[in-house]
Amino acid sequence: MSATIISVATTGAWPGKEDNPAVPITPEEIAKDVIECYHAGASVAHLHMRDEQGRGSMDKNLFKKTVDLIRSECDILINLTTSGALDATNETRQAHLRLLRPDLASYDAGTMNWMHAGIFENHPAFLEELGLTMQEIGVKPEIEVFDTSFLYNALYYQSKGVLKSPLFIQFVLGAPGGIAATVENLVFLKNLLPEDAVWSAFGIGKNHLPILYATLALGGHIRVGMEDNVMYRKGELATSNAQFVRRAVRIIEEMDRKVATVEEAANILGVRK
Ligand code: ZN
């Protein structure tokens, strides 16, 4: 079995300092956290930006500032969100990709209700445009699957040439409005994948650890970090994103696996060729 990729999602669009004071919000805080996670064993950094009020932002200058700070210190693979603000437009969801050409970017392959926030809209015309933009500029889509239909949409876009094989699928379990974070759901989803797909998964909130263990047992890659979970364990706030990465490294090694280096992760994902 090849090495296991640890992605770290440091910030996301929702958690704030009121949820956990260790959530990194500014470009400087996010870059510092990512570099610490890189040294701890993460090979991919999934990034969201926040405005001065702490709200999700697609400001490409914030992305640039953060990515420049990270790239000056380490070669971790960069994965930028394309869904980081409720007021984002089709244009602002892609402008930072053209500017920064990250290794990866999220591709949310369907629409659903964010039960706490509104509609998570990914119109078919936008998904077609985004897939073609990413091919044109050489950014690998990290296809985020929040529910079963998202996977079928991805397979449809694969058949149309909008997404290229092998797909990289990220199962997002337990989002409000998405499929619940259970091991049974993970097994069900995993069995729908094309044979050549590379896949990863994570559970949001309290089911983070069962999904992490089950993903490793099924041969998938993993994602950790405060975008998904601000609690280290029940009743105990996480002290940093790197704390989650260090725990993931320990678990992978106890399972007699190897944690992927950046170079190994790039080979597995087919980026930086
Ligand atoms: Zn994200």
Point to revise | Karplus-derived HN-Hα couplings along the stretch 149-158 (A = 6.51, B = -1.76, C = 1.60, θ = phi - 60°), whole Hz, x at Gly and Pro | key: 4, 4, 5, 5, 4, 4, 5, 4, 5, 5
Practice item. Quick one: accessible surface of LEU99, probe radius 1.4 Å, all protein chains present, in square angstrom to the nearest 10. Key: 80
Practice item. With a 1.4 Å probe and every protein chain kept in, tell me what percent of the accessible surface of the chain is carbon plus sulfur. Key: 52
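Using the crude model of +1 on Lys and Arg Cβ and -1 on Asp and Glu Cβ, and no other charge, please compute the dipole size for the chain relative to its Cα centre, in debye to 20.
That gives a dipole near 300 debye.
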Check your understanding: Hey, how many Å between the Cα centroid of the stretch 42-58 and the Cα centroid of the stretch 227-270?
Key -> 19
Review point. In units of 2.2 N^0.38 Å, what is the alpha-carbon radius of gyration of the stretch 1-160?
Key: 1.02
**Study point:** For ASP108, distant residues with modelled amide H under 5 Å away
**Key:** GLU144
Practice item. For the stretch 233-241, take each phi angle, set θ = phi - 60°, evaluate the Karplus expression 6.51 cos²θ - 1.76 cosθ + 1.60, and give the result in whole Hz per residue in order, putting x for glycine and proline. Key: 8, 3, x, 9, 5, 5, 8, 6, 5
Exercise for review: Read phi for every residue in the stretch 160-167 and hand back ³J(HN,Hα) as whole Hz from Karplus 6.51 cos²θ - 1.76 cosθ + 1.60, θ = phi - 60°, with x for Gly and Pro.
Suggested key: 8, x, 6, 10, 9, 6, x, 6
Check your understanding: Which peptide among 66-73, 232-239 comes first, and what is the full order, when sorted by highest mean count of other Cβ atoms within 10 Å?
Key -> 66-73, 232-239
**Study point:** Accessible area per residue, Å², the chain with all protein chains present, probe 1.4 Å
**Key:** 43
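For the chain, what does the helix formula give at 222 nm: sum of -39500 (n - 2.57) over DSSP H segments with n ≥ 4, over the residue count, nearest 500 deg cm²/dmol?
On the way: 9 runs with 101 residues, N = 273.
Value at 222 nm, helices only: -11500 deg cm²/dmol.
Quick check on packing: order 260-270, 41-51, 115-125 by the mean number of other C-beta atoms within 10 Å, highest mean leading.
Per-residue mean Cβ counts within 10 Å order the peptides as 41-51, 260-270, 115-125.
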Practice item. Write down the radius of gyration of the chain and its Dmax, each obtained from C-alpha positions, in Å. Key: 16.8, 47
Check your understanding: Taking the highest mean first, how do the peptides 133-145, 158-170 order by number of other beta carbon atoms within 10 angstrom per residue?
Key -> 133-145, 158-170
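The values are calculated or read from the model by the stated rules, or taken from the named source; none is laboratory data. The shown structure was predicted, so the numbers you read here are calculated from the model rather than taken from an experiment. Every residue, glycine among them, receives a Cβ derived from its backbone with ideal geometry; neighbour counts consider all protein chains shown. SASA here: full protein model, heavy atoms, side chains in, ligands and nucleic acids out. Shrake-Rupley method; radii C 1.70, N 1.55, O 1.52, S 1.80 Å.
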